[in-house]
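Enquirer: I have a structure here, written as structure tokens, and I will follow up with some questions on it.
Laboratory data are not the source of any read-out in this text; all were calculated from the coordinates shown. Here the structure is a predicted model, which means the values were calculated and not measured. We place every Cβ from the backbone using ideal geometry, glycine too, and count neighbours over all the protein chains shown.
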Amino acid sequence: MASLEDLPSDPNYVYFKSVDRVQCRPILTGENAKPTFESIPTIDASQIFSADLEARKILAEEIGQAAKDVGFFYLVNPPVSPDKMDAAFDALAKFFALPHDVKMKYHVNNSPAAKGFTPVNPADKRKGFGGAREAFGMGNDYTNPEQHAIKVAPAGTVPLNQWPDDELPEFRQNVYSYFTEVYLFAKKLVQIFALALGLEETALDQFFEVPFTDITINHYPPQPDETEYKQVLYPHADYGAFTLLAQRKIGGLEVLNANAIWVKVPVIEHAFVVNTGSYFELISGGRWRSTIHRVCAKGNTDRTSLPFFFSPSPTTTIYPMVPAEDEGLKDLHRNIGKEHIRGMMADRPTHPFVKKLKALGLRPDDYTYEMVSQPLV
Ligand SMILES: [Fe+2]
């Protein structure tokens, strides 16, 4: 990934990365300003599983409007237990508090899908990071019985997730209790998004039968000397279908509006911040743009964010499901699994799985997602 230093700077523009391209937007003020959002809409999700189609359609209309106008919205009263969310945050805090060499047992290089622990990298000189960011990731892994309701892994499948069962016996259960509820919520949201596009409620289910799921938690341990409030995650647009972000205590998310003004997204505990990414940009024919966002914070605070990334099945090829408003998207087809492998090869050139794949000398067109979980010869 490009560092912030790679982005140009001009005080009259905001620069950001969108699908690996640097783009910019002029800052518009006074009479040049356009009508745009100045806050993030709050939508009550309590009717999402209502038996009444009309109630689900009302919710869909609100969500569709927010996706079109902003690309970000809060969902309050979601069908995810606050206790389970708290237990997941607590379990993660306990994991990050483990001694360094214990965490290193679960290093991402042990997993072909790069799930597990990413240590702080002191050589990471990205502005604001101060080298102080560690992460833990888990995602789709059908060798885990907790995911057998979604799919059972075929024989010979390699496990992808790593669990600190020896040190924290409740960790896996706490993370999975949360994951399972958020997964069901996300699957239902796909149907609400379908209604929001004016489609049959089940019209998008074909893309999400065995979806990509990914929880990657970034933990920023406090840096006592970093007292300035500044950008700690560079401006970008999300790649996937949508993200369900849980925030606790310290947030810092900011979203870019059409006038290139950063709009803050304060923490609402036990609610989700939802944003649509580039896959929904394509599925919606350009109606729902993947909105630029960044994170600002003080480095001396202890911050953890808990995002759940949701994308179509790796075997799926997506395309606009409604007439495209954007000519550039009209004939575009994107294969999710191939893009995932290509992204991994670009982002993690030193990962053992990536090196192995490169050594095979395949063309990008030959990549399949199964290569991650089936042993490579
Ligand atoms: Fe993001």
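Enquirer: From Cα pairs below 8 angstrom and at least 6 apart in sequence, can you work out the relative contact order of segment 1-103, rounded to a whole percent?
Expert: Details: 76 pairs, mean separation 19.5, N = 103.
The value is 19 percent.
Enquirer: With helices defined as uninterrupted DSSP H runs, which ones in the chain have an alpha carbon span along their own long axis of at least 20 Å and mean Kyte-Doolittle hydropathy of at least -0.5?
Expert: 53-69, 82-96, 171-196
Enquirer: Next up: Give, rounded to the nearest 20 debye, the magnitude of the charge dipole that segment 176-238 has about its Cα centre when Lys and Arg contribute +1 at Cβ and Asp and Glu contribute -1 at Cβ.
Expert: It comes to approximately 80 debye.
Enquirer: Among the DSSP beta bridges whose two residues both lie in the chain, what percent are antiparallel, rounded to the nearest 5?
Expert: So the antiparallel bridges in the chain amount to around 90 percent.
Enquirer: A further question on this structure: Taking springs between alpha-carbon atoms closer than 10 angstrom, which of G64, G328, G277 fluctuates most in the Gaussian network model of the chain?
Expert: It is G328.
Enquirer: Place +1 on the Cβ of every Lys and Arg and -1 on the Cβ of every Asp and Glu in the chain, take the dipole about the Cα centre, and give the residue among A67, T42, L282 whose Cα lies farthest towards its positive end.
Expert: L282
Enquirer: Let me ask you something else. For segment 102-211, what relative contact order do you get, as a whole percent, if you take Cα pairs closer than 8 Å and at least 6 residues apart?
Expert: On the way: 114 pairs, mean separation 19.1, N = 110.
For segment 102-211, the relative contact order is 17 percent.
Enquirer: To continue, here is another question. Considering the chain as a Gaussian network with a 10 Å cut-off on Cα pairs, which listed residue, K355, K230, K84, attains the greatest mean-square fluctuation?
Expert: Maximum among the listed residues: K355.
Enquirer: While we're here: Taking a cut-off of 18 Å between Cα atoms, list the aspartates and glutamates near K358, but don't count ones fewer than 8 places away on the same chain.
Expert: Straight-distance partners of K358: E339, D347, D366, E370.
Enquirer: Mind computing the radius of gyration and Dmax over the alpha-carbon atoms of the chain? Å is fine for both.
Expert: In order Rg, Dmax, the Cα atoms of the chain give 20.4, 64 Å.
Enquirer: Cα convex hull of segment 145-303: how many Å³ per residue? Could the numbers behind the result be given before it?
Expert: Values: hull volume 24.6 nm³, N = 159.
Value for segment 145-303: 155 Å³ per residue.
Enquirer: Once amide H atoms are placed 1.01 Å from N in the peptide plane, what residues at a sequence separation of 5 or more from V263, or on another chain, have their amide H within under 5 Å of its amide H?
Expert: The answer is V255, L256, N257.
Enquirer: Using +1 on the beta carbon of Lys and Arg, -1 on that of Asp and Glu, and nothing else charged, what's the dipole of segment 1-106 about the Cα centre, debye to 20?
Expert: Details: 11 positive and 16 negative charges, 72 e Å.
That gives segment 1-106 a dipole magnitude of about 340 debye.
Enquirer: Would you list, by chain and number, the lysines whose Cα falls below 23 Å from the Cα of K34, excluding same-chain residues fewer than 8 positions away?
Expert: Those lysines meeting the cut-off are K17, K68, K264.
Enquirer: Now for a different question. How high is the FRET efficiency between Q47 and L332 when r is their beta carbon distance and R₀ equals 35 Å, given to the nearest 0.05?
Expert: 0.55
Enquirer: Report relative contact order for segment 256-299 in percent, whole number only (criteria: Cα-Cα under 8 Å, sequence separation at least 6). All intermediate terms of the calculation are to be shown ahead of the outcome.
Expert: Details: 24 pairs, mean separation 13.8, N = 44.
Reported relative contact order: 31 percent.
Enquirer: Please list, by residue number, every one of the GluC sites (Glu not before Pro) in segment 292-377 that is coil in DSSP and has at most 16 other beta-carbon atoms within 10 Å. Write down the numbers at each step before the final one.
Expert: Details: sites: E325, E327, E339, E370; in loops: E325.
Sparse-neighbourhood loop GluC sites (Glu not before Pro): E325.
Enquirer: Any chance you could check the Cα centroid distance between segment 8-39 and segment 217-240 for me, in angstrom?
Expert: Comparing the Cα centres of segment 8-39 and segment 217-240, I get a distance of 20 Å.
Enquirer: So if I place +1 on the C-beta of Lys and Arg and -1 on the C-beta of Asp and Glu, and nothing else carries charge, what would the dipole magnitude of segment 36-373 be about its Cα centre? I want it in debye, nearest 20. Walk me through the intermediate numbers first.
Expert: Numbers: 34 positive and 42 negative charges, 213 e Å.
My answer is approximately 1020 debye.
Enquirer: To continue, here is another question. Once you treat every alpha carbon in segment 15-121 as an equal point and sum by Debye, what is log10 I(q)/I(0) at q = 0.15, 0.17 Å⁻¹?
Expert: Those come out to -0.99, -1.00, one per q.
Enquirer: Any idea which of N109, L306, Q162 is furthest toward the positive side of the dipole for the chain, if Lys and Arg beta-carbons carry +1 and Asp and Glu beta-carbons -1?
Expert: N109
Enquirer: On to the next question. Cα to Cα, under 19 Å, and not fewer than 8 places away if on the same chain: which lysines meet these conditions relative to K151?
Expert: Output for K151: K115, K187, K188.
Enquirer: Which of L184, L244 comes first, and how do the rest follow, when ranked by fewest Cβ neighbours within 10 Å?
Expert: On the way: L184 14, L244 22.
Exposure proxy ranking, most exposed first: L184, L244.
Enquirer: Here's a follow-up. Skipping prolines and chain starts, which residues have an amide H placed within reach, meaning under 5 Å, of the one on L160, given they are 5 or more residues away or on another chain?
Expert: T143
Enquirer: Full-extension gain between I58 and A359, please, as 0.36 nm times their residue separation minus the C-alpha to C-alpha distance.
Expert: This chain segment gains 103.1 nm when fully extended.
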